[in-house]
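Take a look at the structure set out below.
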Amino acid sequence: MTTTETPTVLETIAATRELVRSARAAGKRIALVPTMGALHDGHLALVARGRELADVVIVSIFVNPLQFGPSEDFERYPRTLDADLAALAGSADAVFAPTVAEMYPGGASQTTVHAGPVAERYEGASRPGHFDGMLTVVSKLLNIAQPDVALFGQKDAQQAFLVKQMVADLNLPVRIEAVPIVRELDGLALSSRNRYLSESERVLALTLSAALRAAREASDRGESVAAARAAGLARFDQQPDVRLDYLVIVDPATFLPLEDDATGDGLILVAARVGATRLIDNAPLHF
Ligand code: AMP
């Protein structure tokens, strides 16, 4: 079902289930791309990968209140549905864009998914409850769209790890595919939150990708985990206007921190605040 038209907009769970039912009856494979909208080329890379893996691509656009803390940007998170639909013309078949009331009739969900100990670390330490809220909505979306494959960005590496862990732990019948990070030419990872940045903050935001690059260069030179971490941290020492939240090198298989002298694959994770905007980034390393 390739089309250059804007995708069909589905506002209800019932309409989405109906589309899924008829696609399945026609023997089609379904891909789901969960997003919060304000789409950019990073999201479109997920959609393009979905097209390669399935016949029907459904993009969900839902700013999920359950995964925002009380002091976070739920109210001011960008909502740009018309532009999102235009961006998806010719690539997505349908957009599931429910209201909060459609997803949470009667208010918050009584039943939630608990993400487990890895979710207490890194993003979870700064954003308590975030990953429980994220996994709860992802499981709802998987149950609504019943896709063969669901696409997630490596940009949110801990999220992709926890989704895969949930799918394995709960035996959910879906394949989870992580798509590499899409960056601007200067290295800044694309993010819906980049639009909050002023021109000068946009320059400061490059500290995150520069720190990842410095750590990567250290690991490529054969230096240790401790040395790669120090190389990354040095970039933040030079930029006091960027407030580092965490910089950690983890084992991508467990998401636990690597020992200073570990060997094998690593993943460096970083989160920092530039002005009022919180940004995250990550990159693979090898020791
Ligand atoms: P969001 O709308 O921010 O919740 O993101 C929806 C999906 O797009 C998530 O799986 C993100 O990891 C993914 N995503 C966001 N930014 C990027 C990027 N720069 N490159 C690849 N995937 C991304």
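Taken together, the values in this text are just the output of simple stated rules run on the coordinates, not laboratory data. These figures come from a predicted structure and were not determined experimentally. Methodologically, a virtual Cβ is constructed for each residue, glycine included, from the backbone with ideal geometry; neighbour enumeration extends over all protein chains shown.
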Problem set entry | Semi-axis lengths, Å, the stretch 232-287, gyration tensor of Cα atoms, sqrt of 5 times eigenvalues | 24, 12, 8
For this session: Scan the chain and hand back the longest stretch that contains none of the GluC sites (Glu not before Pro) lying in DSSP loops with at most 11 other Cβ atoms within 10 Å.
Result: 76-287
Exercise. What's the angle, to the nearest 10 degrees (0 to 90), between helix 13-25's Cα axis and the longest principal axis of the chain?
Worked result: 80 degrees
Exercise. How much net charge surrounds Leu85 when only the other residues with a Cβ under 13 Å from the Cβ of Leu85 are counted, with Lys and Arg +1 and Asp and Glu -1?
Worked result: -4
Exercise. Trypsin sites (Lys or Arg not before Pro), restricted to the stretch 1-99: which are DSSP loop and have at most 10 other Cβ atoms within 10 Å?
Worked result: Arg76
Problem set entry | Inter-centroid distance (Cα atoms) of the stretch 218-287 relative to the stretch 50-120, Å | 29 Å
Problem set entry | Cα long-axis angle, helix 41-53 against the chain (0 to 90 degrees, to the nearest 10) | 60 degrees
Exercise. Which angle from 0 to 90°, rounded to the nearest 10, does the C-alpha axis of helix 130-145 make with the longest principal axis of the chain?
Worked result: 30 degrees
For this session: Pull up the cross-link candidates among the lysines for Lys155, meaning alpha carbon to alpha carbon under 25 Å and not fewer than 8 places away within one chain.
Result: Lys140, Lys164
Problem set entry | Relative contact order [Cα under 8 Å, 6+ residues apart], the stretch 1-70, whole percent | 33 percent
Exercise. When Lys and Arg each count +1 and Asp and Glu each count -1, what net charge do the other residues less than 10 Å away from Pro7, Cβ to Cβ, add up to?
Worked result: -3
Exercise. How big is the stretch 1-145 on each of its three principal axes, counting only the C-alpha atoms and giving the largest first in Å?
Worked result: 42, 29, 28
Seminar exercise, completed: Once the mean of 1/r over all distinct C-alpha pairs in the chain is inverted, the Kirkwood radius in Å reads 19.8 Å
